Amino acid sequence: MDVPEVSIPAERPNWALQITPYMWAAGLDGHISPFRRGPTIGVEKSFSDVMDDLNFGGFINVWGRYDRFVVSGDIMYVNTTDSHGVGPLPALTIPGVGGIPPGGNIDAKVDTTQFTATLMGGYRVVDTPQITLDALGGARFWHISNDVTLTGSLGGLSGSVHHDESFGWVDPLVGLRAFLPVTEKLSVQAQVDIGGFGAGSDFTWSALATANYAFSDSFAASVGYKVLDVDYGHDGHVYDTRLSGPVLGLTYRF
């Protein structure tokens, strides 16, 4: 989440720097093939479903300006564990586990880590007391890691097999960000970007809109809504997903 300058003083300094840790109550919807040439799985999870699986999640944005030049860095890290059990089953054989007679059970545990880092720079093309508008360009870095453990059991006997795989890519991006002060302390912001263009993913886009309230020249709080969409398919991996939900952030400005 990227919150612009928290206030518009009469005489602006020629530089500004701010840090915004934030929470994103995102749901997940899409299609994923976590392993090369594996089956594509439809995924639809509400925020509460994601929270049930969540081990750790962190979101932070760093934003800076020097005169009319701007830079923004946004990092997202999410680690989840999804467990499912199936059984009793008919007789079957699992590689690495062996034959399981009728009545056996299979437990599957999937640990998934998603790391996304967005770095953009740009120029303030409109700079007035009523509105600022920044033109942006940069890249979004993706890294997806999946770790699956299958355990077959029957009575007191059990065996397991383990497989992990990771993949990643880089998407070029272009975007715009607008900031409109409403009062001395209240403002609204909107930011959009598009990218991929077949260089990394087939296509990706994100959009963010927030209302911001400045408690002082150094601290502000923001609430809004964010969407991050990507359509990636390469070398047997599929990651076609949309994360969307409300955001809440706290900004410290230097």
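Some observations on this one:
- Within region 3-27, residues that are farther than 16 Å from residue 250 by Cα have Cβ atoms under 6 Å from residues that are of a type in the set (A, V, I, L, M) and at pLDDT below 50 in no pair, counting only partners at least 6 apart in sequence or on another chain.
- In region 190-207, the residues that are crowded, with 22+ Cβ neighbours inside 10 Å and farther than 14 Å from residue 174 by Cβ: 201
- Top-ranked residue of region 222-233 - restricted to ones that are open to solvent by 30 Å² or more (accessible area, probe 1.4 Å) and at pLDDT 95 or above, ranked as nearest to residue 168 (Cα to Cα): 231
- Those residues of region 17-37 which are in a strand (DSSP E or B), modelled with pLDDT of 90 or more and open to solvent by less than 20 Å² (accessible area, probe 1.4 Å), in sequence order: 18, 20, 22, 24, 27, 30
- Among the residues of region 41-78, the one identified as open to solvent by 80 Å² or more (accessible area, probe 1.4 Å) and part of a loop (DSSP other than H, G, I, E, B) is 68.
- Every condition in (1) more than 19 Å from residue 76 (Cα to Cα); (2) in a strand (DSSP E or B) is met by residue 193 except one, and the failing one is (1).
The values are calculated or read from the model by the stated rules, or taken from the named source; none is laboratory data. Because the structure is a prediction, the values reported are computed rather than measured. Cβ coordinates were reconstructed from backbone atoms using ideal geometry, including for glycine residues, and neighbour counts include every protein chain displayed. Protein only, heavy atoms only, side chains kept; ligands, DNA and RNA dropped before computing areas. Shrake-Rupley method; radii C 1.70, N 1.55, O 1.52, S 1.80 Å.
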